[in-house]
Amino acid sequence: MIHHKHHIIPKHMGGTDDPSNLITVTTAQHANLHRILYEVHGKQEDYFAWKGLSGQIDKEEMIRLKSMLGGMKPKSEQMKSKLSVFRKTFRYSEESKRKISMAKKGSKLTEEHKEKVRQSRLGSKQPESQKQKVAEKLSRSYEITNPQGETFTIKNLSKFCRENNLDQGNMSRNHVKGWSCHKLA
């Protein structure tokens with residue numbers, strides 16, 4: 001049986017020949033791994049590797065297609081649907097996760113890449129559930145005494161002040177409209 005060395009992070013995506021980025025696979029497994037990479041990322045390099053390794057096209061056909069296509073066509077709605085299901089169900093093995101992690105250790109994002117990520121996120125709204133989780137995580141506990149002398153403990157002073165029409169700035173300084181407030185450790 002013939003075995004191949006497969007790059008976990010393909011060279012065309014920045015992977016190296018470092019042993020931590022290589023796994024040994026059969027020809028069929030190698031073809032399948034490139035099929036998966038193509039379906040996930042849509043890179044023509046993976047498409048040609050998949051088709052060539054699986055024997056669906058020969059080297060001459062591969063060269064002809066590469067020169068003809070230049071780039072891959074956009075995915076159909078059916079393919080996008082299949083990819084969505086695949087992304088939700090595919091799991092890397094623990095060994096592959098470890099190797100991917102090791103390959104990325106010490107790498108830094110370029111300023112250009114950071115800017116592209118920032119631009120891609122502009123205008124996107126944080127889900128309400130996420131906002132609540134963040135507020136809960138960041139909020140502190142306070143002991144509140146109302147004007148009638150009742151004492152109780154709350155979390156998230158700003159939310160409490162909004163709900164009770166109180167000024168948070170003054171409240172955090174301990175006293176407003178007969179209310180008093182003390183931060184708990």
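Where a number appears in this text, it was derived from the coordinates with a stated rule and is not lab data. If you're wondering where the values come from, they're calculated on a predicted model, not measured in any experiment. Glycine also receives a Cβ, built like all others from the backbone with ideal geometry; neighbour counts cover every protein chain displayed.
Restricting to region 100-125, name every residue that is surrounded by 10 or more Cβ atoms within 10 Å (Cβ to Cβ) and assigned to a loop (DSSP other than H, G, I, E, B).
Scanning region 100-125 gives a single hit, L109.
Restricting to region 1-44, and then to whatever is of a type in the set (S, T, Y) and part of a helix (DSSP H, G or I), can you tell me which residue is farthest from D58 (Cα to Cα)?
As a first pass, look at region 1-44 and keep what is of a type in the set (S, T, Y): 16, 20, 24, 26-27, 38.
Restricting the remaining residues to those that are part of a helix (DSSP H, G or I) gives 20, 27, 38.
Values: S20: 30, T27: 15, Y38: 18 Å.
So, considering only residues that are of a type in the set (S, T, Y) and part of a helix (DSSP H, G or I), the one farthest from D58 (Cα to Cα) is S20.
Could you list, in sequence order, the residues of region 34-65 that are among the small types (G, A, S) and more than 25 Å from V85 (Cα to Cα)?
G52, G55
Quick check on my filter: what residues within region 141-155 are loosely packed, with under 12 Cβ neighbours inside 10 Å and either in a strand (DSSP E or B) or in contact with a strand residue (DSSP E or B) (Cβ under 8 Å, 6 or more places away or on another chain) (or both)?
The answer is P147, T151, F152, T153.
If you take the residues in region 156-185 that are part of a helix (DSSP H, G or I) and touching a strand residue (DSSP E or B) at 6+ places or on another chain (Cβ under 8 Å), which one is surrounded by the most Cβ atoms within 10 Å (Cβ to Cβ)?
So, considering only residues that are part of a helix (DSSP H, G or I) and touching a strand residue (DSSP E or B) at 6+ places or on another chain (Cβ under 8 Å), the one surrounded by the most Cβ atoms within 10 Å (Cβ to Cβ) is M171.
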